[in-house]
Amino acid sequence: MRYGHKGMGSSHSGWLDFALANGIPGLALLLALGIAVVADGWHRFRDRGDGYAPMLTITVFGHLLRCLLDGHLSGWRFALFALTLGIVIVSGISAATTSIQSSCDAGCRAEGR
């Protein structure tokens, strides 16, 4: 007990902590999901001009990068990240639905319906 506590509670790397808790396959799946979300967000922004896609991409990429250096991939920080990510995704879906509905309404008015 040199510094007032026994052992360390964290390695200060979220990726390492996650790998120790869930194994290498768990970490690989988590990183694959993160990379897929970042790539999809980038493609949606580039191809469709979706305004929420860059926010989604930056949020996921920033969190994964921060977790490489800090132990923020568990507990309340991960729950807060999941909540923030859910809000961004729902906002994007809501905006897309509203955009589709308004373009459909405009098309129906143009046809005289």
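The values are calculated or read from the model by the stated rules, or taken from the named source; none is laboratory data. Since we're looking at a predicted model, the values are computed, not measured. Cβ sites come from the backbone with ideal geometry, for glycine too, and all protein chains shown count toward neighbours.
Selection over region 30-57 of residues that are closer than 26 Å to A19 by Cβ, among the acidic types (D, E) and either in contact with a helix residue (DSSP H, G or I) (Cβ under 6 Å, 6 or more places away or on another chain) or buried (at least 18 other Cβ atoms within 10 Å of the Cβ) (or both) gives a count of 0. Would it be correct to say that T98 is polar (S, T, N, Q) and over 30 Å from S11 (Cβ atoms)? It is true that T98 is polar (S, T, N, Q) and over 30 Å from S11 (Cβ atoms). Inside region 41-67, residues that are touching a residue at least 12 places away in the same chain (Cβ under 8 Å) and closer than 23 Å to A79 by Cβ make up a count of 12. Would you be able to say whether some residue in region 58-74 is over 18 Å from D17 (Cβ atoms) and crowded, with 17+ Cβ neighbours inside 10 Å? Scanning region 58-74, I find at least one residue that is over 18 Å from D17 (Cβ atoms) and crowded, with 17+ Cβ neighbours inside 10 Å, so the answer is yes. For region 10-38, the set of residues classified as under 17 Å from the mean Cα position of the chain (by Cα) and either farther than 13 Å from S74 by Cβ or part of a loop (DSSP other than H, G, I, E, B) (or both) consists of A28, L29, L31, A32, L33, G34, I35, A36, V37, V38, listed by residue number.
Counting only residues that are more than 14 Å from the chain's Cα centre (by Cα) and either modelled with pLDDT of 85 or more or in a helix (DSSP H, G or I) (or both), which one in region 49-84 is nearest to G34 (Cα to Cα)?
Pass one, region 49-84, residues more than 14 Å from the chain's Cα centre (by Cα): 49-51, 68-71, 74-76.
Next cut, either modelled with pLDDT of 85 or more or in a helix (DSSP H, G or I) (or both) only: 68-69, 75-76.
Values: L68: 13, L69: 16, G75: 18, W76: 19 Å.
My answer is L68.
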